[in-house]
Every structure is written in C-alpha cells, then in structure tokens.
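**Student:** Got a structure here, written out as structure tokens. Questions coming.
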Amino acid sequence: NVTYNALLANQNTGFVAPTLALNHLSSYATMVGLKTETARFGAALGTAAALTFTLPGAPMIFQGQEVASIKALKPYDADFIVWPTKLPAVYATYQQLIKLKKANEALFNEKYGAQAVPLVTSTPGLFAFKRTKNKSNVIVVVNLTKKALTAKFNPGAALTMFAFSTDKSVKLAATNAAVTIPALGYEIYTAVAVK
C-alpha cells in the first residue's frame, strides 16, 4: 500500500497544453519484448486498464488491447492488428471505461480533473482512492491479491453511489464500507450510473 500511496502523493497537477500525463500499459520497452498486454498482465489486465482511466492523466490504448489482440506488434515497423470477427468482452469494458471517463468531471484530464486521494483500507491487499470535483465523485477500489478479497475501506462520508460492475445503487458507510472483489479485480463507484 505504501507504493500506491507514494504514487498518489507524487501526482502532477495543473497540466497545461502541450504537456499532459499519459497513462498506458505499453511502451517502447515492452514492445521490444514482443509481449502483448494479455501476456504481461494476465488476470490483472482489466484492473490495469481501469487504473489508466481513473488515475490522473489521459488513458492511452495501444496495440489492439481493446480487442485482446494475441499478437505482439513490432515497434516502429509496419504491422497490423487483426480484429476478431466476434468482439471479446474486453471491448465492451473499454467502451464502458471511456463512458465513465467522459461522464465524470473528477476524471477529466489536465487541470480540469481532480487529485486522487488515497483512502484508508483494512488490509494492504486493498488499494482505494477517490477523486472529487464539484458534484462528480468517483471511488476506485482495487484488490491487489491473487485471491478474492472481502475487506473494508473508508470513503469519508456515507454515500449512495452506483457500482460500475452492475450499474446498481449501493450504500457506502462513512467508515468501514465493506466490499468483496475478485482476485486482481476492481470496483468503481460513481455518483451517477454510467450509461
């Protein structure tokens, strides 16, 4: 948890064009290794993608990760992403994450969004933070373990929010809000349902 709190503590704020923090799962170094995001992240890929959309900065989608491409692209060479005839579930997840980012002012890029504030959790295996701006309130809770986890976090106020995974309304206690998250999974709570 110390590592993630340090990540949040070192956020840059007030980005102005043309400087903007980018959140991505690929880089030149990972492309040289010729490994896809699926191969590198495994079961944590969905959670890693969710963090790129919810932490401060602009999310970047590379190398066919939106269609779970099983082919690693060669860096700086002409290459093609083979789109499957039937889109995988991860495609719908990316669509929902894009809608989430667009619908919540707290998640906006540059100086228009909000800082990520770490939340106290009952175990180091649970990482939680919130971003709040005006009426936009987003809470992200991540299971960092390889086992399903039932734990608690402190959102700071009693809230009625919508769970990203179900679009259902949930009530969060001001302290010790209970959550059950699958192994290497996540939940995002928002003030309005993501449609």
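The values are calculated or read from the model by the stated rules, or taken from the named source; none is laboratory data. Since the model is a prediction, treat every value here as computed from it, not as a measurement. Please note: Cβ atoms are built from the backbone with ideal geometry, for glycine as well, and neighbour counts cover all protein chains shown. In case anyone asks, the SASA skips ligands and DNA or RNA and just uses the protein heavy atoms, side chains included. Shrake-Rupley method; radii C 1.70, N 1.55, O 1.52, S 1.80 Å.
**Student:** Scan the range 155-170 for residues that are open to solvent by 80 Å² or more (accessible area, probe 1.4 Å) and in a strand (DSSP E or B) and jot them down.
**Tutor:** Selection gives Thr160 alone.
**Student:** Which of the residues that make up the range 171-190 are part of a loop (DSSP other than H, G, I, E, B) and touching a residue at least 60 places away in the same chain (Cβ under 8 Å)?
**Tutor:** Ala183, Leu184, Gly185
**Student:** Hey, among the residues in the range 107-140 that are outside any strand (DSSP E or B) and in contact (Cβ under 8 Å) with a residue 60 or more places away in the chain, which one's surrounded by the most Cβ atoms within 10 Å (Cβ to Cβ)?
**Tutor:** Result: Ala116.
**Student:** Give the range 39-77 a look and list any residue that's farther than 26 Å from Thr190 by Cβ and at pLDDT below 70, or say none.
**Tutor:** Result: Gln63, Gly64, Ser69, Ile70, Lys71, Ala72, Leu73, Lys74, Pro75, Tyr76, Asp77.
**Student:** So is Lys152 part of a strand (DSSP E or B) and basic (Lys, Arg) or not?
**Tutor:** In short, yes.
**Student:** Another question, then. Do we find that Ala151 is closer than 22 Å to Thr52 by Cβ and either small (Gly, Ala, Ser) or touching a Cys at 6+ places or on another chain (Cβ under 8 Å) (or both) in this structure?
**Tutor:** For Ala151, the condition - closer than 22 Å to Thr52 by Cβ and either small (Gly, Ala, Ser) or touching a Cys at 6+ places or on another chain (Cβ under 8 Å) (or both) - is not met.
**Student:** Condition test on Lys130, is it of a type outside the set (Ser, Thr, Tyr) and within 17 Å of Phe53 (Cα to Cα)?
**Tutor:** The answer is yes for Lys130.
**Student:** I need a count of the residues in the range 174-195 that are within 20 Å of Gly125 (Cα to Cα) and open to solvent by 30 Å² or more (accessible area, probe 1.4 Å).
**Tutor:** 8
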